[in-house]
Amino acid sequence: MGMKLHKTVVLVGMMGAGKTAVGKELARMLSVPFRDSDEEIVTASRMTIAEIFARDGEEFFRAREAEVIARLLRDTPSVLSVGGGAFLNGETRALITELGVSVWLKADLDLLWARVRHKTTRPLLRTDNPRQTLSDLLDARAPVYALADLVVEARVSYAIPDMARAVMAELLTRPDVLEGQKT
């Protein structure tokens, strides 16, 4: 018997938590589409996230992000990676709970910093002290991320497939979301 995904799996968490990499692997394992709300926005706007932030501001970006996530949640069940701030929007969070299942990829500050410190594509980290900014964002967002339906702890020792398997194991505890056995 194969796996059957009934609802879209929405990966939430901080930048650097592995939402895109783990999401792609999980989607491959489940034989469902992988979608990334940031990529959908970039494609539609023909601008990078950083350019949208610079030109239109974070509030404008968050409104477009909420629209894109709502559209994707109503599509065929898939694995959806959303931007680090998307889950902070109460309406978006409620819609994710109603139409999908949220999974917090929980990573500590040291792991997140190791993954994002050399990236120039993170507009929220364009500050004088980006590590402190990341720490402040994590402190502020963690209580909201903790509202996710499921939580999977990232470990330094985990390769991407290990993390995807850990997410799958959590999903299998929810037969309303995922049923079947790995083939």
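The table below lists the values:
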read-out: Residue identified as touching a Leu at 6+ places or on another chain (Cβ under 7 Å), more than 21 Å from Val10 (Cβ to Cβ), surrounded by fewer than 17 Cβ atoms within 10 Å (Cβ to Cβ) and of a type in the set (A, V, I, L, M, F, W, C) among Val144, Val156; value: Val156
read-out: Candidates Arg35, Arg64, Arg55, filtered to the one that is touching a helix residue (DSSP H, G or I) at 6+ places or on another chain (Cβ under 6 Å) and surrounded by fewer than 20 Cβ atoms within 10 Å (Cβ to Cβ); value: Arg64
read-out: Residue check for Glu25: touching a helix residue (DSSP H, G or I) at 6+ places or on another chain (Cβ under 9 Å), closer than 19 Å to Val151 by Cα, of a type outside the set (Phe, Trp, Tyr) and loosely packed, with under 14 Cβ neighbours inside 10 Å; value: no
read-out: Extreme residue, modelled with the lowest pLDDT, among residues of the range 14-42 that are closer than 29 Å to Asp56 by Cβ and charged (D, E, K, R); value: Asp38
read-out: Residue within the range 108-116 that is in contact with a Phe, Trp or Tyr (Cβ under 7 Å, 6 or more places away or on another chain), in contact (Cβ under 8 Å) with a residue 60 or more places away in the chain, closer than 30 Å to Met3 by Cβ and hydrophobic (A, V, I, L, M, F, W, C) present; value: no
read-out: Which numbered condition Asp149 fails, given (1) out of contact with any Asp or Glu (no Cβ under 7 Å at 6 or more places or on another chain); (2) surrounded by fewer than 17 Cβ atoms within 10 Å (Cβ to Cβ); (3) of a type outside the set (A, V, I, L, M); value: (2)
read-out: Residue in the range 82-104 that is surrounded by fewer than 18 Cβ atoms within 10 Å (Cβ to Cβ), closer than 21 Å to Glu58 by Cα, without any contact (Cβ under 8 Å) to a residue 12 or more places away in the chain and among the hydrophobic types (A, V, I, L, M, F, W, C) present; value: yes
read-out: Failed item in (1) β-branched (Val, Ile, Thr); (2) farther than 21 Å from Ile41 by Cα; (3) within 14 Å of the chain's Cα centre (by Cα), with Thr127 passing the rest; value: (3)
read-out: Qualifying positions in the range 43-52 - surrounded by 13 or more Cβ atoms within 10 Å (Cβ to Cβ) and in a helix (DSSP H, G or I); value: Ser45, Ile49, Ala50, Glu51, Ile52
read-out: Boolean, Thr76 is assigned to a helix (DSSP H, G or I) and hydroxyl-bearing (Ser, Thr, Tyr); value: no
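The values are calculated or read from the model by the stated rules, or taken from the named source; none is laboratory data. Computed from a prediction, not measured in an experiment: that's the story for all the values here. A quick note on method: Cβ atoms are made from the backbone with ideal geometry, for glycine too, and the neighbour counts reach across all protein chains shown.
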